[in-house]
Structure formats: structure tokens, C-alpha cells
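Okay, structure first, notes after.
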Amino acid sequence: MAFLIDAAKYYTAQPHQDAAWRFLEESLTPIELTAFKEAYRDGPEPSETAVDNSWLGITEAARISGSKYPDCVAAQWALESAWGSATSGKNNFFGIKGKGTVKTTWEDYGNGPVTIQAEFMDFASPQECVNHLVTQWYKDYKGYKGVNRASSRNDCAYLLKSEGYATDPAYPQKLINLMTANA
């Protein structure tokens, strides 16, 4: 476990470190993970350079994470979190589902909006949330071709919808409108 002490000591929320951190969490036995979390709470502290909860801050976080279209990430942030004022889970600005906080939300599966209860992931920091979004949706990930392959930021918005990120039929146009108004 000595290597974990060094991992926590030198952690700076870089995308490759976040990926390594997730790998460690998935690879440790439950006993090792419990001991580690007791020693270091729930993981490393956020980077010294905290993400500013603003269009420009999220755009920069997306650029650092490797998004080819950081304005599209910022548009998702604005749309999904009411400009950073309403998260779906702790530091979850994008409505990313997974183990964490349960909230009421709506989805549109083709017959109009329906209200559901869903569980949303919690993140240690805004940068960690952006890193997760970019890793799993913008980059190629586990056989999935990421939306970084788009030829423009507008194409990126349409790919997010066609690849299953959003159920709202108007999602791409909403992102495009936000990018046009704010970029």
C-alpha cells in the first residue's frame, strides 16, 4: 500500500491521474479500498488550481481534459446545471448517472418527457467531473468512438445526441444556441 501513499501525495487532478485513480479503485480488494479510504478519506484532494464554476472555467477544464470542443462541454455545463447552480450529484454538472445521489429528473424516450427517479454520480471536484465526461464521451473509450471525432462543435452537439448522451430531441440545438451566444 506504500505506492498508494505516493499516489495520493502527488495527485494533481490531471486526466491521466484520474484514469489511474479510477483503475486503482476498481482493482483494490474491498479491504484494501476501505483501509485506503479511511487513511485518505474518499480520495485525493482536488488540484490546487480549482475550476472556476463559470463558462470560461469549464471551458478551460475541458481543454485540460482533452476535449476537442471545449465550448460544447461548457454548453453542456450551462444546460445541464443551470449555469452551475443546480448539480445532479456532488460536483456533477452534467447529469452523469451512476452510483451516488438520487434525484427526480425527466427523460424523453421518444413519446414526450417522463419524470423518473435516477441516481447520479458524485465527484470530488468539478475538474474530476469534467475529466469523467471528456474521457467517456469525447475520447474513444472502451470500444466507443468519442465525439472528439466530430468535424465541428455543432457536429459534436449532434453526435452527443445520436450516441445516446441525451434523450431530449432538442439537445443538439440547445447546445448550439448556447455556444453561439457565449463562445
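Just read off the accessible area of Ser27 with the full protein assembly in place, 1.4 Å probe, to the nearest 10 Å².
60
With a 1.4 Å probe and every protein chain left in place, tell me how much accessible area Asp122 has, in Å² to the nearest 10.
For Asp122, solvent-accessible area is about 70 Å².
Can you tell me how segment 63-126 classifies by the Cα gyration tensor, rounded, prolate or oblate, using a/c under 1.5 as the rounded cut?
Verdict is oblate for segment 63-126.
The values are calculated or read from the model by the stated rules, or taken from the named source; none is laboratory data. Bear in mind that the values here come from a model prediction, so they are computed numbers and not experimental data. In case anyone asks, the SASA skips ligands and DNA or RNA and just uses the protein heavy atoms, side chains included. Shrake-Rupley method; radii C 1.70, N 1.55, O 1.52, S 1.80 Å.
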